[in-house]
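Below is one structure, written out as structure tokens; comments come after it.
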4 protein chains.
Amino acid sequence: MDKQEIILTTALRLFVQNGFHATPTSKIAKEAGVANGTLFHYYKTKEDLIVSLYLYIKSKMGAYIEEHVKPDTDAKTYFKGQFKAVLEWSMENRDEFYYTQLFTNSPFAALLSPEEVKKSLKKSCDQIQEAIDAGVIKARDVDFIYTIMGSHIFGLYTYLIKNNFSKAKQQQVIQESLDMLWGMLA
Amino acid sequence: MDKQEIILTTALRLFVQNGFHATPTSKIAKEAGVANGTLFHYYKTKEDLIVSLYLYIKSKMGAYIEEHVKPDTDAKTYFKGQFKAVLEWSMENRDEFYYTQLFTNSPFAALLSPEEVKKSLKKSCDQIQEAIDAGVIKARDVDFIYTIMGSHIFGLYTYLIKNNFSKAKQQQVIQESLDMLWGMLA
Amino acid sequence: MDKQEIILTTALRLFVQNGFHATPTSKIAKEAGVANGTLFHYYKTKEDLIVSLYLYIKSKMGAYIEEHVKPDTDAKTYFKGQFKAVLEWSMENRDEFYYTQLFTNSPFAALLSPEEVKKSLKKSCDQIQEAIDAGVIKARDVDFIYTIMGSHIFGLYTYLIKNNFSKAKQQQVIQESLDMLWGMLA
Amino acid sequence: MDKQEIILTTALRLFVQNGFHATPTSKIAKEAGVANGTLFHYYKTKEDLIVSLYLYIKSKMGAYIEEHVKPDTDAKTYFKGQFKAVLEWSMENRDEFYYTQLFTNSPFAALLSPEEVKKSLKKSCDQIQEAIDAGVIKARDVDFIYTIMGSHIFGLYTYLIKNNFSKAKQQQVIQESLDMLWGMLA
DNA sequence: TATGAATGAGCGTTCATTCAT
DNA sequence: CATGAATGAACGCTCATTCAT
């Protein structure tokens, strides 16, 4: 792992543990084992680091989903597959997922280039629209579905984190919860 | 409104607008029209102010619900009434609701006395348990239901804020969303 | 002397001794016997301190001149009187004068509000214009006269500082130099 | 132009534009199109660069004067010729001239080896002494004449820079100013 | 000769908090 | 009760300089 990646990893851990404000760049640098200036060599500002870390995580999550969801299936299977993949990734990469929430609900989210945001949102919304068109979920405002699903995932995530279930139990809760959500959407 | 209340109101507005970190106590004092020291006369620390503000809001919300929900009804009506009341209050007091989210997802939440938390949680959980016992909602882990409902409300709130709907349209969305949630839980 | 004035006085000494860059605000504060934050309580930024110090000195110099030059004299006497007063003040307040040069030739000069600059310049230029109209000095571009005189004063100042003359000798040099300048302008 | 000279040229431009403090070596290197370390390969420190640049400019100015002033003339013509040559060079190489002023009035001037200073000063002073001996200028302290002349040139330079005159008008102002100075000295 | 990643001391500035009035 | 001047630790960030390649 090169220094840049060590910095990202360390920043992730500390931001998740203590929040943005309570994590001085000096602490990140020290725990990453690099000089303070090195951090600023790679990231112009603390904000830059925060945003870069978000994009880094997003790209890793995107790669995971791409890899784990079979595209050549019927709309319903595909949609459910995506949902499960996101949850699985979130459970296997808890800090990463929590960070995306931290980031999204912070003022730093506003620093993302609008195109970046649009692009990312567009993809998700298109999938929802396809599912609606295929008649596998209710015809509702896409943004509404998107928002509700997002908060569901977060709620489920929160619940799973709070209760340290076994892998099996965890899978069961996810499946149940998925069925419930599906009952609501379909 | 006495100085103490002006401070709370001003703090609420600024915290919601800019977050905890980006809101210096000096700014709160200035915008509240009191001296810097006055704020610390009423609240020993910034943390104290933040927590006090949370409890102040919670008490106001509790009063609203108490006032707007008729207790002598069947379990289902009562349960749904509560849910609606919370949403109504949230939409009418957006800053206040947003603040409770801000607070809950911040490290400051840990400063609440555990008894306080327990008590507040207990009440909600008991209601859910009653609904389960009365057979009006599915038999699931109470904490699961509680968490899912909470995030649902937050998702709905987020959606409503994002889209500045008319009062009527808003009511419609709430009702629809409520039905969906009910379809999921019942 | 209140803290604000102590800060100004200390800043003056250090800026003159070491220049703007080589004088950290922390050093000013320490040598002024106040906390670091106190400096920023009175002056929002280091730049603010630098500009404020300039205006403070300018006002003191203006007061001195006002006090020492008799206004009800013929144009020539009045004009010469001003020149002498500036030089006298400069010799008696060497750090102050040097600071005005330091400031004027620094990028910080650009921070002065244009009106402030105009006003200050206007006064000097009007006097030169009057002298020209009265026929006591050559008819040249006012700005030219102003600039040449300014650099003359600075040259003379530099020379006097370099050679630590007695008060009497100093007066003589000033008088001689004044005569030379007059020979040039008249 | 080799890398060393590119560095010098770039440094000159940036120092003149922004001052010593506001010009990081990294910026010089970047704008010069060389690596950060390369600058320090040629100049041990930033100070070294600053001083070297000064000497480089001085040597170029010396060469110009040597080339443009005929030595075999009477004292007065020679003296005036020198004066004009300096002014001409200054107007044609504004950045270079401004840099010499920047440097001379900075703490870095103290880094010049005293012999270097003496030597350079000696030459100028000798010429003034010769002019005095030849009776073409007033018998005054050589240092006094030197200082006054220097500030006169700087004042004239400042005036010419401020007003962006045509070449012809500029020549006229120089001539006039020269006459005035001469009237004062002779 | 040339590079540029890495360093870390030091800067300007912020802000929660105290306390004499 | 109320003030606001004063504090100083801690922060984000800069930049001259080094050194392995």
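The values are calculated or read from the model by the stated rules, or taken from the named source; none is laboratory data. Quantities reported herein were computed from a predicted structural model and do not represent experimental measurements. Every residue, glycine among them, receives a Cβ derived from its backbone with ideal geometry; neighbour counts consider all protein chains shown. The accessibility values were calculated without ligands, DNA or RNA, using every heavy atom of the protein model including side chains. Shrake-Rupley method; radii C 1.70, N 1.55, O 1.52, S 1.80 Å.
Its DSSP H runs of at least 4 residues, each contributing -39,500 (n - 2.57), put the calculated 222 nm mean residue ellipticity of chain C at -25500 deg cm²/dmol, to the nearest 500.
Neighbours of B:Arg140, meaning other residues whose beta-carbon lies under 15 angstrom from its beta-carbon, give a summed charge of -3 when Lys and Arg score +1 and Asp and Glu score -1.
With the biggest extent put first, the Cα atoms of the protein assembly as shown measure 120, 63, 43 Å across the principal axes.
Relative to the longest principal axis of chain B, what angle (0 to 90°, nearest 10) does the C-alpha long axis of helix B:94-104 take? Around 90 degrees separate the two axes. A simple spin-label model places pseudo-atoms 7 Å from Cα toward Cβ; at A:Ile161 and C:Ser59 they are separated by 5.6 nm.
Residues of chain A: accessible area per residue at 1.4 Å, in Å²?
52 Å²
Cross-link check: pairs A:Lys162/B:Lys122; C:Lys80/D:Lys162; D:Lys80/D:Lys123 evaluated at a Cα-Cα cut-off of 19 Å; pairs beyond the cut-off: C:Lys80/D:Lys162.
The spacing between region B:34-51 and region D:69-117, judged by their C-alpha centroids, is 64 Å.
Angle, helix A:114-133 long axis vs. longest principal axis of chain A, Cα atoms, 0 to 90°, nearest 10? The helix A:114-133 is inclined about 20 degrees to chain A.
Per-residue mean of foreign Cβ neighbours for C:157-168 is 2 (Cβ atoms of other chains, 10 Å radius).
Calculate the mean, over all residues of peptide B:138-148, of how many other protein chain Cβ atoms lie within 10 angstrom of the residue's Cβ. Provide the component values of the computation, followed by the final result.
Values: counts 2, 0, 4, 3, 0, 4, 10, 1, 2, 9, 9.
That works out to 4 on average.
Applying the Karplus relation 6.51 cos²θ - 1.76 cosθ + 1.60 with θ = phi - 60° to region A:134-140 yields 3J(HN,Hα) values of 6, x, 8, 10, 4, 7, 10 Hz, where x marks Gly and Pro. Axis angle, to the nearest 10 degrees, between helix A:3-18 and the longest C-alpha principal axis of chain A: 70 degrees. Shortest first and in nm to one decimal, what separations exist between C:Ala75 and its copies in the other chains, measuring from label points 7 Å along the Cα-to-beta-carbon line? Result for C:Ala75, in nm, nearest copy first: 3.8, 9.4, 10.6. Here's the picture: a label point sits 7 Å out from the Cα of A:Trp182 along the beta-carbon direction, and within region A:48-90 the residues with their amide nitrogen under 13 Å of it are A:74-85.
From the C-alpha gyration tensor of region A:1-43, pull out the three semi-axes of the equivalent ellipsoid (sqrt of 5λ each), sorted largest to smallest, in whole Å.
Values: eigenvalues 50, 24, 12 Å².
Ellipsoid semi-axes (Å, largest first): 16, 11, 8.
The residues packed around C:Ile65, meaning those with a beta-carbon under 15 Å from its beta-carbon, carry a net charge of 0 if Lys and Arg are +1 and Asp and Glu are -1. Determine the shape class of region C:143-186: with a ≥ b ≥ c the square roots of the Cα gyration tensor eigenvalues, call it rounded for a/c under 1.5, and otherwise prolate if a/b is greater than b/c, oblate otherwise. Because a/c hits 1.5 or more and a/b fails to exceed b/c, region C:143-186 counts as oblate.
Taking all protein chains as they are arranged and a probe of 1.4 Å, the heavy atoms of B:Ser26 leave approximately 60 Å² accessible to solvent. What the Cβ-Cβ distance of C:Arg94 and A:Ala109 gives, at R0 = 51 Å and to the nearest 0.05, is a FRET efficiency of 0.35. Largest to smallest in accessible area, the residues D:His21, C:His152 fall in the order D:His21, C:His152 (1.4 Å probe, all protein chains included). Which of rounded, prolate or oblate describes region C:70-185 when judged by the alpha-carbon gyration tensor and an a/c cut-off of 1.5? It is oblate, given that a/c is not under 1.5 and a/b is not larger than b/c.
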